[in-house]
Amino acid sequence: MNPSELPVFPLNSPLLPACKMPLQIFEKRYLDMVSHCLRTQTPFVVALLQPGAERHEVITPDLTADGKTIPFYPLGTAARIVDFEQRDNGLLGITIAGEQRMALRDIRQDSNGLWKASATPRPEQPDTAAEDMEEWRDLLEQLLGFSGLEAMRAAADLESPEQITNYLIMLLPLPAPVKQELIATDQPAERRAKLANVLALLATPASPTP
């Protein structure tokens with residue numbers, strides 16, 4: 001693996017910078033990936049699965065050099081393993097922390113099924129939000145109250161505009177293309193404006209069917 005090449009872990013839920021996420025690992029390819037990353041102190045990339053990926057029906061597929069459909073978006077987030085444990089169910093539990101967003105190219109799949117890609121950091125803009133985030137903070141607290149999110153709740157800084165925004169993108173039940181558009185938005189203020197529009201649409205009552 002060349003120095004810029006990283007393993008890719010496609011998931012139905014994205015990871016964003018400055019956020020943490022718990023995962024259970026059970027497939028051998030990902031157990032091997034975790035072992036490699038811990039041993040070498042290197043990250044992997046979490047990439048959001050495209051709609052239809054589970055059924056191999058990606059609407060606008062990109063292809064690898066050997067013609068394989070790439071099931072995830074080519075922009076993800078570098079994930080650093082910050083904790084791990086053997087859980088009561090026998091599975092390996094890890095906690096990952098989001099670092100920089102990564103643009104992925106030269107995507108390929110190993111014989112064991114593990115995806116790899118050349119990863120280039122996407123520049124991060126400083127978040128200097130001055131607006132009141134109280135409503136969004138309250139919404140995030142409600143979402144973090146759901147069972148299974150204890151690790152996220154313990155790690156989240158509810159005074160950080162960046163984390164409030166990014167955790168909401170991770171946790172809200174939004175379509176994958178909407179989440180990915182938000183992830184790909186470089187300017188924090190623009191990202192929040194887009195998320196505000198999405199939240200306004202979610203809060204708008206549906207018109208009755210004639």
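The values are calculated or read from the model by the stated rules, or taken from the named source; none is laboratory data. Bear in mind the structure is a predicted one, so any value in this text is a computation, not a measurement. Neighbour counts run over all protein chains shown; Cβ positions are idealised from the backbone, glycine included. The accessibility values were calculated without ligands, DNA or RNA, using every heavy atom of the protein model including side chains. Shrake-Rupley method; radii C 1.70, N 1.55, O 1.52, S 1.80 Å.
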Residue-normalised accessible area of the range 104-210, expressed per residue, 1.4 Å probe, Å²: 57 Å²
message: Counting only helical runs of four or more DSSP H residues, what would the 222 nm mean residue ellipticity of the chain come to if each run contributes -39,500 (n - 2.57) and the total is spread over all its residues?
response: -9500 deg cm²/dmol
field: Normalised contact order of the chain, rounded percent, pairs of Cα under 8 Å and 6 or more residues apart
entry: 23 percent
field: Residue of Ala47, Ala155, Ala176 that the Gaussian network model of the chain assigns the largest fluctuation, springs spanning Cα pairs under 10 Å
entry: Ala155
query: Rounded if a/c is under 1.5, else prolate if a/b is larger than b/c, else oblate: which is the range 22-135, with a ≥ b ≥ c the root eigenvalues of its Cα gyration tensor?
result: oblate
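I want the local charge near Pro188. Using Cβ-Cβ distances under 12 Å, sum +1 for each Lys or Arg and -1 for each Asp or Glu among the other residues.
Values: positive: Arg191, Arg192, Lys194; negative: Glu124, Asp127, Glu131, Glu162, Asp186, Glu190.
Cβ neighbours under 12 Å give a net charge of -3.
Return the FRET efficiency for the residue pair Glu124, Leu158: r is the Cβ-Cβ distance, R0 is 25 Å, and the value is rounded to the nearest 0.05. Show your work: numbers first, answer last.
Details: r = 21 Å, r/R0 = 0.82.
Step by step, r from the Cβ atoms, then E = 0.75.
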Residues in the range 162-177 that a label on Phe146 would reach, taking backbone N under 20 Å of a point 7 Å out along Cα→Cβ: 163-177
Label-point separation in nm, Asn12 to Arg105, each point 7 Å along Cα→Cβ: 3.3 nm
message: Under the rule of at least 5 residues apart or a separate chain, name every residue whose amide H is placed under 5 Å from the amide H of Asp83.
response: Thr95
query: At Thr40 and Asn197, where each label point lies 7 Å from the Cα along Cα→Cβ, what is the point-to-point distance in nanometres?
result: 4.0 nm
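How long are the semi-axes of the equivalent ellipsoid of the chain, defined as square roots of 5 times the Cα gyration tensor eigenvalues? Whole Å, largest first.
Details: eigenvalues 162, 90, 62 Å².
Value: 28, 21, 18 Å, ordered largest first.
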field: Sparse-neighbourhood loop sites, GluC sites (Glu not before Pro) in the range 98-161 - DSSP loop, at most 11 other Cβ within 10 angstrom
entry: Glu131, Glu159
statement: With all protein chains present, the chain has a carbon and sulfur share of its accessible area (1.4 Å probe) in percent of 54 percent
